[in-house]
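Step one of this worksheet: look at the structure below.
Only the coordinates and a few stated rules stand behind these numbers; no lab work does. None of the values given here were measured: they were computed from a predicted structure. Heads up, the Cβs are rebuilt from the backbone with ideal geometry, glycines too, and the neighbour counts pull from every protein chain shown.
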Protein chains: 2
Amino acid sequence: MFNVLNMGLSVFIPDSVVSEDKTLRDKTLKLGYIARACSIFKVEKIYIYTDENGAFEKDFRLIKLILGYIETPQYLRRSLFPKTELLKEAGILPPLRTPPHKPYIPMASLKVGEVREGVILRKGGSLFVDIGLDSPIRYVGSGSDGERVTIVLQQVQPSQICKRALSDDIKEYWGYKVVRVGPIGKVLKGGFTGLKLITSRRGDPINGVFRELIEDMRKAINISLVFGSPKKGLYDILREENLTPKEVGDYVINFIPNQGTATVRSEEAIISSLSIISIMLKV
Amino acid sequence: MFNVLNMGLSVFIPDSVVSEDKTLRDKTLKLGYIARACSIFKVEKIYIYTDENGAFEKDFRLIKLILGYIETPQYLRRSLFPKTELLKEAGILPPLRTPPHKPYIPMASLKVGEVREGVILRKGGSLFVDIGLDSPIRYVGSGSDGERVTIVLQQVQPSQICKRALSDDIKEYWGYKVVRVGPIGKVLKGGFTGLKLITSRRGDPINGVFRELIEDMRKAINISLVFGSPKKGLYDILREENLTPKEVGDYVINFIPNQGTATVRSEEAIISSLSIISIMLKV
């Protein structure tokens, strides 16, 4: 709810999004760009849908892992992500520097109402949260050892006490969630709400539907942008479910009409479309 | 003249654009993304301006080399680019796949009026052009051995003859030119024509000036987008010339108002701004 749109913005990408990249390094790099684009434009949810009936299960695990890893504040990565070969190239990921990625401060500088990401620790019957500072702080509430939690400081004197943050406590963009879903047609038709924008080179040029789309965006609470795979556009992907983009989306849009290159890569399409969508409600 | 805008679109970047990247690989990668963004949106000229009085001379050579290399059709790269350490990571550059990057065809398929990129060769007193096909073709006109040239086929039977293409012969986007210029303030104030858009986080949000800018774009023949460096925005860069963005540009614009990340990288700012500019005249 913290983007220019003042509404929930979601992105759908297929689990085949890195299938054309040959090496772990290239896959990691592409996911880094996608994570950056989604964070710059305050995307709240990245949905990963199933392309070709689960053929990209291995890639899916990598996508979920890398998008989650880069979104996690650096100080929590070691406790939340066990060592794995899949993170071997994670060193090349750019920092996101979203609001939850807070810098180190002395404990004494913590203020009541401050929100931070942490991990719950059980110590002798009591719960604490490691928020990346000099020592874990006392946590009041439910939760289990090793669980990631967004906390809000309730008391700082004589000692720090925190509880789970409610959405009202969070006044800034707080990163995206990664959510796995099934085949895209089924998901979009199955009661998924909000304005659904299918991106496709074969869609209507964005300039042609610009004003009409703005009107519809004004009425919407959520907006979802749906992207195809590097190999197949959404016409082809949906055909496998005997569906067409027009049947599952409110708009089918070409966000880069008259492109100068034969193809546009997923990460380029995502950042370009988000750039345009993000300014539309306010023009 | 082949973008949606039907006008010349230029981009200015500083010679310090890759100065924050530590390795040749990272610098090459970033330049690849910039080249892709400019090609997708049919940028005609990439101007490289001098930041900090020539402190980035070495980076400048790399920028000029890599942007030129990636823009050159693959079949001409070996004859136009001598081996150099600076191209050691060029293998990671993505293909641009712009119209001049034509595929191999049999000589017999060449048609009169077809335009191709080539290199002039002198063979026993006559000039030929290597256009990446089975044999060089006869060239009528002036030029020197080893010169890159855009040719148009004049005759295909009984033998192929070509001449230098005029701009009227070229009906598609034909890639960008890389042009070196001096300090940005001096260049923009020194008779540089067209609509000058200075990008800056401290500029007016694009949504606020959207309609006004469209009106001005309608009257313009050329549009230039000016980007700062990874370390310094254009307020700081221009201050070294005792100038302000408002003094040298027609607009000072923040193309990513309300960004979710602390910083936006050059390649992200370039593709985002170009996405928006490219649809503006037609909305």
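Brief remarks follow.
- Per-residue average of Cβ from other chains inside 10 Å of A:35-44: 4
- Taking 7 Å steps out from each Cα toward its Cβ at B:M107 and B:Q157 produces label points 1.7 nm apart.
- Here each label is just a point 7 Å from Cα along the line to Cβ, and for B:R25 and A:N242 those points are 4.9 nm apart.
- For the protein assembly as shown, the direction-averaged projected area of the alpha-carbon convex hull comes to 30.0 nm².
- When the charge dipole of segment B:157-206 is built from unit charges on Cβ atoms (+1 for Lys and Arg, -1 for Asp and Glu) and taken about the Cα centre, the candidate among B:G182, B:I198, B:S167 whose Cα reaches farthest toward its positive end is B:G182.
- Convex hull of Cα atoms in segment B:13-85, direction-averaged projection (nm²): 5.2 nm²
- When the charge dipole of chain B is built from unit charges on Cβ atoms (+1 for Lys and Arg, -1 for Asp and Glu) and taken about the Cα centre, the candidate among B:Q157, B:P245, B:P99 whose Cα reaches farthest toward its positive end is B:Q157.
- Which listed pairs, of A:K231/B:K45; B:K30/B:K64; A:K45/A:K196; A:K58/A:K102; B:K58/B:K232, have C-alpha distances above 21 Å, in listed order: A:K231/B:K45; A:K58/A:K102
- For the pair segment A:5-24 / segment A:37-82, the C-alpha centres are spaced 9 Å from each other.
- Residue separation of B:I221 and B:K177 scaled by 0.36 nm, minus their Cα-Cα distance, works out to 14.1 nm of gained length.
- Shielding of A:265-273 by partner chains, average beta-carbon count, 10 Å: 4
- Here the Gaussian network model covers chain A, with springs between Cα atoms less than 10 Å apart; of A:G208, A:G125, A:G175, A:G125 fluctuates the most.
- Sparsely packed loop sites in segment B:1-79 (the trypsin sites (Lys or Arg not before Pro) outside DSSP H, G, I, E and B with at most 11 other Cβ atoms within 10 Å) comprise B:K22.
- Here A:K171 is the anchor, and the aspartates and glutamates within straight C-alpha reach of less than 17 Å, apart from those fewer than 8 places off in the same chain, are A:E44, A:E114, A:E117.
- Neighbour cut-off at most 15 other Cβ (10 Å), DSSP loop, trypsin sites (Lys or Arg not before Pro), segment B:116-198: B:K171
- Charged side chains reduced to their Cβ positions (Lys and Arg at +1, Asp and Glu at -1) give segment B:79-228 a dipole of some 320 debye around its Cα centre.
- The mean sequence separation of alpha-carbon pairs under 8 Å and at least six residues apart, normalised by the residue count of segment B:175-277, gives a relative contact order of 36 percent.
- Other residues with beta-carbon under 13 Å from the beta-carbon of B:P257 carry, at +1 per Lys or Arg and -1 per Asp or Glu, a net charge of +3.
- Summed side-chain charge close to B:I131 - residues other than B:I131 whose Cβ falls under 9 Å, Lys, Arg +1, Asp, Glu -1: 0
- Largest to smallest principal axis extent of the C-alpha atoms in chain B, angstrom: 62, 43, 34
- Dipole magnitude (debye, nearest 20) for chain A, charges at Cβ of Lys, Arg, Asp, Glu: 500 debye
- Length gained on full extension, B:K186 to B:R122, computed as 0.36 nm times the residue gap minus the Cα-Cα distance: 18.9 nm.
- Cut-off 10 Å between beta-carbons: net charge of the residues surrounding A:L121, Lys and Arg +1, Asp and Glu -1: -1
- Selection among A:V112, A:V18, A:A35 by position relative to the dipole of segment A:10-127 gives A:V112 as farthest towards the positive end (Cβ unit charges, Cα centre).
- Look at where the Cα atoms of segment A:155-174 and of segment B:206-283 average out, and the two centres are 37 Å apart.
- From the largest down, segment B:149-201 spans 59, 21, 17 angstrom on the principal axes of its Cα atoms.
- Placing a pseudo-label 7 Å from each Cα along the Cα-to-Cβ vector at B:R61 and A:E85 gives an inter-label distance of 4.2 nm.
- Computed magnitude of the charge dipole of segment B:179-283 (debye, nearest 20; Cβ of K, R +1, Cβ of D, E -1): 140 debye
- FRET E, pair B:S142, B:N53, Förster distance 56 Å, beta-carbon r, rounded to 0.05: 0.90
- For the rotation carrying B onto A, the chain B residue whose Cβ lies nearest the axis, with the distance in whole Å, reads B:S275, 2.
- The Stokes-Einstein estimate for segment B:78-214, based on a Kirkwood radius over Cα pairs and taken at 37 °C with 0.692 mPa s viscosity, is a diffusion coefficient of 175 µm²/s.
- Cα-based helix-to-principal-axis angle, A:57-71 vs chain A, degrees rounded to 10: 50 degrees
- With label points set 7 Å from Cα along Cα→Cβ, the inter-copy distances at A:G208 are 3.5 nm, sorted shortest first.
- 3J(HN,Hα) couplings calculated from phi for segment B:275-283 with the Karplus curve 6.51 cos²θ - 1.76 cosθ + 1.60 (θ = phi - 60°) are, in sequence order, 4, 6, 4, 5, 9, 5, 5, 10, 8 Hz; Gly and Pro show x.
- Gyration tensor verdict on segment A:174-270 (Cα atoms; rounded if a/c is under 1.5, prolate if a/b is larger than b/c, oblate otherwise): rounded
- Sparsely packed loop sites in segment A:115-207 (the GluC sites (Glu not before Pro) outside DSSP H, G, I, E and B with at most 10 other Cβ atoms within 10 Å) do not occur.
- Relative contact order [Cα under 8 Å, 6+ residues apart], chain A, whole percent: 24 percent
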